[in-house]
Amino acid sequence: MVACAISASNGAPSGVCSRPRRATAGTSIRETLPILRSAAKIMLSGLVVSVDRMERGTGEQNALAEVRDSYGMRAFSIVTIDEIMSDLRGRVVGGRVVLTEDIHAHLLDYRKLYGGRPG
């Protein structure tokens, strides 16, 4: 993930971008926000992530919902892991099944262990 903030000070736009070392379960935004705030006077109005893996954050809640609540901003994903799994389950691409029932079962087990509750 690369996070960017655009601010207009004295009518001149300026931008600051940060790329955190890791991007897991909300860690990325928690690492990036202080960097952005120290580099420019910003107010975040929202966050968009490409894939919501729907993992727990630091508590029991889904990391994306946790970030939304912690920072008081809207948070959206383009797609969720559940949507990806649903779309690829049993789908044949190039003559082979992309997401077999066995792999799907393993992914569901993973979600049971590490999934967060929706916010």
Any residue at all in the stretch 89-109 that's in contact with a strand residue (DSSP E or B) (Cβ under 7 Å, 6 or more places away or on another chain), assigned to a helix (DSSP H, G or I), modelled with pLDDT of 90 or more and not aliphatic (A, V, I, L, M)? yes
Only residues that are over 17 Å from Tyr114 (Cα atoms) and of a type in the set (A, V, I, L, M): list them for the stretch 38-83, please. Ala39, Ala40, Ile42, Met43, Leu44, Leu47, Val48, Val49, Met73, Ala75, Ile78, Val79
Among Ser86, Ser77, Ser7, which is at pLDDT 90 or above, assigned to a strand (DSSP E or B) and hydroxyl-bearing (Ser, Thr, Tyr)? Ser77
Of the residues in the stretch 81-119 that are touching a helix residue (DSSP H, G or I) at 6+ places or on another chain (Cβ under 9 Å) and among the charged types (D, E, K, R), the one that is farthest from Asn62 (Cα to Cα) is Arg89
For the stretch 40-56, does any single residue satisfy the condition of being surrounded by 17 or more Cβ atoms within 10 Å (Cβ to Cβ), touching an Asp or Glu at 6+ places or on another chain (Cβ under 6 Å), part of a loop (DSSP other than H, G, I, E, B) and not aliphatic (A, V, I, L, M)? no
If you go through the stretch 72-97, how many residues are touching a residue at least 24 places away in the same chain (Cβ under 8 Å) and either loosely packed, with under 12 Cβ neighbours inside 10 Å or on the phi > 0 side of the Ramachandran plot (or both)? 3
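Does Ser38 count as modelled with pLDDT of 80 or more and out of contact with any strand residue (DSSP E or B) (no Cβ under 8 Å at 6 or more places or on another chain)?
Working: modelled with pLDDT of 80 or more: yes; out of contact with any strand residue (DSSP E or B) (no Cβ under 8 Å at 6 or more places or on another chain): yes.
Criteria met by Ser38.
The values are calculated or read from the model by the stated rules, or taken from the named source; none is laboratory data. As the structure is a prediction and not an experimental result, all values here were calculated from the model. Note that each Cβ is placed from the backbone with ideal geometry, even for glycine, and that neighbours are counted across all protein chains shown.
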